[in-house]
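The values are calculated or read from the model by the stated rules, or taken from the named source; none is laboratory data. Since we're looking at a predicted model, the values are computed, not measured. Using ideal geometry, Cβ is built from the backbone for each residue, glycine included, and neighbour counts are taken over all protein chains shown.
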Amino acid sequence: MDYFIQQLINGVTLGSIYGLIAIGYTMVYGIIGMINFAHGDIFMVGAFIALIVVIALGITAATPLLLLILALVLVLVIAMALTAVWGWTVERIAYRPLRGSFRLAPLITAIGASIALQNFVQISQGARNKPLQPLISGNFKLWETVTPEGSFVVQISYMQILIIVTTLALMVGFTMLINKTSLGRAQRACEQDRKMASLLGVNVDRTISLTFVMGAALAAVAGLMFLLYYGVIDFYIGFLAGVKAFTAAVLGGIGSLPGAMLGGLLIGLIETFWSGYFSLEYKDVAAFSILAIVLIFMPEGLLGKPEVEKV
Amino acid sequence: MAAQKQDLLAGSVKDAAVGALVAFGLFAMMIGMKTEVDVGGLAIEYRWGAVAMAVAVVFVGRLLLNLFVWKSEKPVTGLLGSLMPTQSSFSKVSHLVTPLLFVLAVVLPFLLMYFLGTRGSRQYLDLAILVTTYVMLGWGLNIVVGLAGLLDLGYVAFYAVGAYSYALLAQNFGFSFWICLPLAGILSAFWGIILGFPVLRLRGDYLAIVTLAFGEIIRVVLLNWYEFTGGPDGLSGIPRPSFFGLEFERGEGGFADFFGLDYSSIHRIVFLYYLILILALITNIVTMRLRKLPVGRAWEALREDEIACRSLGINTTHTKLTAFAIGAMFGGFAGSFFATRQGFISPESFTFIESAVILAIVVLGGLGSQVGVVIAAVVMIGGFEFFRQFEEYRMLVFGLLMVVIMVWKPRGLISTRVPSIALDRRKAKGISADMVQEGHG
């Protein structure tokens, strides 16, 4: 039971990271109906930018707490801004010229963009993986069970609390942004009918660009969290994380924001429990299988709307 | 007029400056600051020179593009476009190109050996074998992507099934290559049906992701099922094929001895080349014949408009499944050839990148065009080998090219679609794919 609860905590943490990436997939799919295959690599770029800023600012675990918090906020802001530029550029170069082209064209450029991004980072930052000393250590002991074989401590680390709280805050902020602001209104309008929205004076191109920018910024947050949580990144992390986050988006119902978050949590939990109880080697197979099973048996996901085919 | 020119110049400079600013934002950290593993953690190596260069390249490039292409009244690309083969001129030339390529492919080993000698031609023959393998894979995938319009991102899975089938059958049961080849093809087709059956109801891009997932699942299983597949160590000592029972060995009873030739290791290479050439040509012929059958026409109809197909009473699941299975079968043939040529296989050879390369060959060559696949395979695989000393940059360039060519010519370089059937043969000319509207579904 204690083991279960410990895995639950770990799973929710991992799920929060997946959920943040999944929002990028779900928003883009909702608005232009394409799978942004390069989104996983945008997440990877975000993690790298965060790493560079952390090193450049000289942040270590020895930094005083108040300063550490300020510095991490600064890292977050810079990483979000610069990753957003990457997201915007990819949309501008690889997707916008192909809007209205045949169905598979943007997916193919997205694969090209993904390969290009991975190899660009491999060349510019080196292929070796980058370890980072833990910045936030320490944990919060929840309870301890003593059994004849030994004791088992259920704990939640400060890092996990930080990740879960940040994700929650961002989720609330984003839901407000989509539901209350004029930008969110424009996005929802484009999602329903792009032509009609442009007739009513919504700048469709700008709205789509902003969607990519927002998705990339959230991916940068996820990148920073990933970096701090695992303490090691390389140029290849985007592929697996991307596929899993996409699975999360599909599981939750693609196009739905709460769905992406729910899907992310579920995927995180499934993956953690799978590797905790069954086998570590096949944990990626678990994620891929879920993707296939969900797409086959309930393509509209948990919270999504069924798609209507029109001639 | 002068004022207009002034405006053009000022506008272009402004636009280029914005581009340069964005480039600075992109590259300042990713190129300018390189994280290096150092004693006691990571350190940063600053490379501002490289950033300045990248930004300057973007600025000048954008300025020139603005002045001469995007905002100019007579874009330079117009000139370039007139040099490109138009559809009508291409359909004339293609009658000549296809037989020419065929003859070249047939005489290639002798041509090489005549000019470069036995020793010098070996590496070029190896390259030719590699290119032809990719041509075959491209043609196999072309059935799925080009004809039936199903985007398959996991094609390499069938290639892997073919390779492992041959290796395992040959090692565990001692079957010869010629028995294993059809078995490997059948097994691959079988896997194609198993994987295809549940997923083929999905829409285009979902299908792409699920096939990607299946490709990865098969790779992870191959990697972890140590007792059966050898795991990351792979399988080695895979038997070589024989020429109707004649082994390519020195001494009594070998190929050279039987035909009274001096033994040379090049015989095997030449034999392998012809083997893959014949396999590839079989793929091509079968595809061309299938296109004329009802099932082939159903594939192409499906690609154009799935809903219309369904309303005309075509069983879309069966039609897709046949395309998937036949494509997979040819992937399996190519896989067993790969295994027998290398003599060693491991999951390393069957990564997602491999699927992406095959897909790029099909897409960039022009979806559904058989000659386009050949040209794309020669250019791409030949290019990979040619730029071997720039190894670390070639995948970057590959990714960028995939984007650029797609944006420039979304239908691939050779985008002519020849009707598979026409009332009057003389009038049957290629239709530029740019004029074909693709239906959704």
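Restricting attention to segment A:86-108, which residues are farther than 21 Å from residue B:412 by Cα, at the interface with chain B (Cβ under 7 Å from one of its Cβ atoms) and crowded, with 20+ Cβ neighbours inside 10 Å?
A:86
Among the residues in segment B:251-267, are any within 30 Å of residue B:373 (Cβ to Cβ) and either within 23 Å of the chain's Cα centre (by Cα) or surrounded by 15 or more Cβ atoms within 10 Å (Cβ to Cβ) (or both)?
Yes, there is a match, as at least one residue in segment B:251-267 is within 30 Å of residue B:373 (Cβ to Cβ) and either within 23 Å of the chain's Cα centre (by Cα) or surrounded by 15 or more Cβ atoms within 10 Å (Cβ to Cβ) (or both).
Condition first: among the aliphatic types (A, V, I, L, M), touching a Leu at 6+ places or on another chain (Cβ under 6 Å), under 19 Å from residue B:145 (Cβ atoms) and at pLDDT 80 or above. Can you find one or more residues in segment B:271-280 that meet it?
No, segment B:271-280 contains no residue that is among the aliphatic types (A, V, I, L, M), touching a Leu at 6+ places or on another chain (Cβ under 6 Å), under 19 Å from residue B:145 (Cβ atoms) and at pLDDT 80 or above.
Go through segment A:27-57 and give me each residue that's within 15 Å of residue A:241 (Cα to Cα) and part of a helix (DSSP H, G or I).
A:39, A:40, A:41, A:42, A:43, A:44, A:45, A:46, A:47, A:48 - these are the residues of segment A:27-57 that are within 15 Å of residue A:241 (Cα to Cα) and part of a helix (DSSP H, G or I).
Residue B:219 is checked against (1) within 14 Å of chain A (Cβ to nearest Cβ); (2) out of contact with any helix residue (DSSP H, G or I) (no Cβ under 7 Å at 6 or more places or on another chain) and fails just one. What number does that condition carry?
All conditions are met except number (2).
Quickly run through segment B:354-375 and pick out the residues that are away from chain A (no Cβ under 13 Å) and within 11 Å of the chain's Cα centre (by Cα).
Listed by number, the residues that qualify are B:372, B:373, B:374, B:375.
Please specify each residue of segment B:213-248 satisfying the condition of being farther than 16 Å from residue B:176 by Cα and of a type in the set (D, E, K, R).
Scanning segment B:213-248 gives B:216, B:219, B:227, B:233.
With the structure loaded, tell me whether residue B:332 is farther than 30 Å from residue B:96 by Cβ and touching a Phe, Trp or Tyr at 6+ places or on another chain (Cβ under 7 Å) or whether it fails that test.
yes
Kindly provide the set of residues from segment A:125-148 that are touching a Phe, Trp or Tyr at 6+ places or on another chain (Cβ under 8 Å), free of Cβ contacts under 8 Å to residues at least 40 places away in the same chain and within 14 Å of chain B (Cβ to nearest Cβ), ordered by number.
none
Tell me yes or no: at least one residue of segment A:210-217 is of a type in the set (A, V, I, L, M), touching a residue at least 60 places away in the same chain (Cβ under 8 Å), within 20 Å of residue A:95 (Cβ to Cβ) and surrounded by fewer than 21 Cβ atoms within 10 Å (Cβ to Cβ).
Scanning segment A:210-217 turns up at least one residue that is of a type in the set (A, V, I, L, M), touching a residue at least 60 places away in the same chain (Cβ under 8 Å), within 20 Å of residue A:95 (Cβ to Cβ) and surrounded by fewer than 21 Cβ atoms within 10 Å (Cβ to Cβ).
Part of a helix (DSSP H, G or I) and surrounded by fewer than 20 Cβ atoms within 10 Å (Cβ to Cβ): is that true of residue B:288 in this structure?
When the stated conditions are applied, residue B:288 passes them.
Which of the residues belonging to segment A:146-179 are β-branched (Val, Ile, Thr), surrounded by fewer than 12 Cβ atoms within 10 Å (Cβ to Cβ) and in a strand (DSSP E or B)?
A:146, A:147
Quick one: which residue in A:92, A:128, A:103 is in a loop (DSSP other than H, G, I, E, B) and farther than 30 Å from residue B:302 by Cα?
Being in a loop (DSSP other than H, G, I, E, B) and farther than 30 Å from residue B:302 by Cα holds for just one of A:92, A:128, A:103, which is A:128.
Kindly indicate whether residue A:44 is under 13 Å from the mean Cα position of the chain (by Cα), within 14 Å of chain B (Cβ to nearest Cβ) and farther than 23 Å from residue A:186 by Cα.
yes
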